[in-house]
Amino acid sequence: MKETSKKGGALFSIAARNPWLVLSFALLLSALSIWFTSQRMEFLTGRDDLMPRNTSFNRDFHQFRAEFGDMEDIVVVIESPDAERAGAFGKRLYDALSKDKEHFSDLF
């Protein structure tokens, strides 16, 4: 126990006698950490990158995409106190979107 105290005391006395050395060392480590972070940091935002690769649900998802393609869904909710007006608007919206085959491949 006393030897640990002596080592800690020696380290403290070195740091107390050489504050600029300690500060320089801390600044050097800070600069190295910023450089290392800028060189190595990556942001993985893809679904495949964020999920474990060998799980059953990930394999099932890839099989689903291989069979049905990459489907993106948009759901439109129409609220109105008048059901007939809401239905008429829904029909007009459906008709307009059905004509745009470039952006909408499947509507229901």
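Among the criteria (1) over 22 Å from TYR94 (Cβ atoms); (2) outside any helix (DSSP H, G or I); (3) open to solvent by 90 Å² or more (accessible area, probe 1.4 Å), the one PRO52 does not fulfil is (3). Taken over the stretch 71-97, residues that are part of a loop (DSSP other than H, G, I, E, B), open to solvent by less than 100 Å² (accessible area, probe 1.4 Å), of a type outside the set (Asp, Glu) and farther than 15 Å from PHE108 by Cα amount to 1. Among the residues making up the stretch 98-108, a single one is open to solvent by 100 Å² or more (accessible area, probe 1.4 Å) and in a helix (DSSP H, G or I): LYS99.
Filter the stretch 1-40 for residues that are open to solvent by 100 Å² or more (accessible area, probe 1.4 Å) and modelled with pLDDT of 90 or more and give the result. Result: ARG17, TRP20, LEU21, PHE25, LEU27, ILE34, TRP35, PHE36, GLN39, ARG40. Figure legend. Inter-residue proximity from the stretch 48-66: first residues free of Cβ contacts under 8 Å to residues at least 40 places away in the same chain, second residues among the aliphatic types (A, V, I, L, M) and assigned to a loop (DSSP other than H, G, I, E, B), beta-carbon distance below 7 Å, spacing 6+ or different chains. Indicated pairs: LEU50/LEU44; ASN58/MET51.
The values are calculated or read from the model by the stated rules, or taken from the named source; none is laboratory data. Small disclaimer: the values here were computed from a predicted structure and weren't measured. Reconstructed Cβ throughout: ideal geometry from the backbone, glycine too, with neighbour counts over all protein chains shown. When the accessible area is computed, the model is the full protein with side chains, heavy atoms only, and any ligands, DNA or RNA have been set aside. Shrake-Rupley method; radii C 1.70, N 1.55, O 1.52, S 1.80 Å.
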